[in-house]
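Student: I am attaching a structure below and will ask some questions about it afterwards.
The values are calculated or read from the model by the stated rules, or taken from the named source; none is laboratory data. All figures in this text were calculated on a predicted structure; none of them were measured in a lab. Using ideal geometry, Cβ is built from the backbone for each residue, glycine included, and neighbour counts are taken over all protein chains shown. Ligands, DNA and RNA are excluded from the accessible area calculation, which covers all protein heavy atoms including side chains. Shrake-Rupley method; radii C 1.70, N 1.55, O 1.52, S 1.80 Å.
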Amino acid sequence: MVFENKMITYGEPDDEEEEEEEEEEEDMVDPLETIRAKCEETEHCVHYKERLETCEARVSGRSSTMEDCTEELFDFLHARDHCVAHKLFHKVK
């Protein structure tokens with residue numbers, strides 16, 4: 001009758017196994033996010049990020065405005081992605 005117990009639990013992970021899998025998932029870091037964070041700290045990206053933050057502060061400080069910060073956001077994302085592309089594809093070679 002020992003087999004009955006194994007058949008019931010077969011395919012169901014133990015609590016310990018689930019905890020180990022969760023710990024492994026928490027330790028994994030997306031390399032793209034790491035490169036993006038580093039690129040956001042470069043002088044070129046900092047300039048565009050400051051422009052975006054200034055625009056956001058200006059727009060949020062007004063009660064009614066048609067202005068949005070789309071252009072500043074696109075400029076910042078373009079600068080960051082340009083930096084990311086160079087770093088990411090340089091590692092692929």
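Student: Quick one: if you stick a label point 7 Å off each Cα along the C-beta vector at GLU50 and PHE74, how many nm between them?
Tutor: 2.4 nm
Student: Which value, in Å², gives the accessible area per residue of the stretch 20-91 when a 1.4 Å probe is used on the protein heavy atoms?
Tutor: 80 Å²
Student: Sticking with this structure for a sec: If r is the Cβ-Cβ distance from ASP30 to MET66 and R0 is 30 Å, what FRET efficiency results, to the nearest 0.05?
Tutor: Approximately 0.25, to the nearest 0.05.
Student: Order these peptides, 79-88, 30-39, by their mean beta-carbon neighbour count within 10 angstrom, highest first.
Tutor: 79-88, 30-39
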